[in-house]
Structures are given as structure tokens and as C-alpha cells.
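The values are calculated or read from the model by the stated rules, or taken from the named source; none is laboratory data. Since the model is a prediction, treat every value here as computed from it, not as a measurement. Cβ atoms come from the backbone with ideal geometry, glycine included; neighbour counts cover every protein chain shown.
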Amino acid sequence: MTKPSWNDAPEWAEYLIFDSTNNEWKFCSVKPFDGYSTIELKPKCTKEAVNHPDHYNQIAGIECIDVARHFSFNLGNAIKYI
């Protein structure tokens, strides 16, 4: 089995282990005991969580503020908050 990417990991996952008994990779939320041959800690988050959060970029990476700035103040605010 090939090693999974951290991009495919569930949100709760903190560790990636290789279970040699079943010959498979597993994600874990707590540090497993030392019986596993490979234990990898989740890499640090490098995304900008304040200025450009993912939930602001839902359509082709365009933020609503980028669209709203092309309208009048009132209409732009309506677009941002709807």
C-alpha cells in the first residue's frame, strides 16, 4: 500500500503510522505505542488562516471581496454579506 498524503488526512488526524502486521497506513488522533515501524507527526499548518481562509475561496479561488470591490459601496457590501 502506498503512503497517503497529509492532504487526504481527516481533520482529526495528528499521526500517520505504518501497521506492518496488516501492511497498511493509518491516521491516528493520539500518539500510538512504539510497536509500529513508522510514526510520522502531522506537519505544521502553513496556510494563512486569518487573511485568506479556505471558506472565503469557494469558487475558483476568488474571494467575494474581490468581486464586491467592482460595485458601489452599498451593493458591494450586500454581495459580501449575502
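Okay, here's what the table says:
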| read-out | value |
| --- | --- |
| Given (1) at pLDDT 80 or above; (2) of a type in the set (A, V, I, L, M, F, W, C); (3) surrounded by 13 or more Cβ atoms within 10 Å (Cβ to Cβ); (4) over 18 Å from the mean Cα position of the chain (by Cα), number of the condition Leu75 does not satisfy | (3) |
| Count of residues meeting criterion [at pLDDT below 85 and among the hydroxyl-bearing types (Ser, Thr, Tyr)] in segment 39-72 | 2 |
| Where a residue in segment 10-21 is in a strand (DSSP E or B) and its partner, wherever it lies, is of a type in the set (D, E, K, R) and at pLDDT below 85, with Cβ under 8 Å and at least six apart | Tyr15/Lys31; Tyr15/Glu40; Tyr15/Lys42; Leu16/Glu40; Leu16/Lys42; Ile17/Glu40 |
| Pair list, Cβ < 9 Å and 6+ apart or interchain, from segment 63-82 residues that are without any contact (Cβ under 8 Å) to a residue 12 or more places away in the chain and assigned to a helix (DSSP H, G or I) to residues that are surrounded by 10 or more Cβ atoms within 10 Å (Cβ to Cβ) and not hydrophobic (A, V, I, L, M, F, W, C) | Gly76/Arg69 |
| So Tyr36, is it surrounded by 12 or more Cβ atoms within 10 Å (Cβ to Cβ), modelled with pLDDT under 75 and more than 18 Å from the chain's Cα centre (by Cα) | yes |
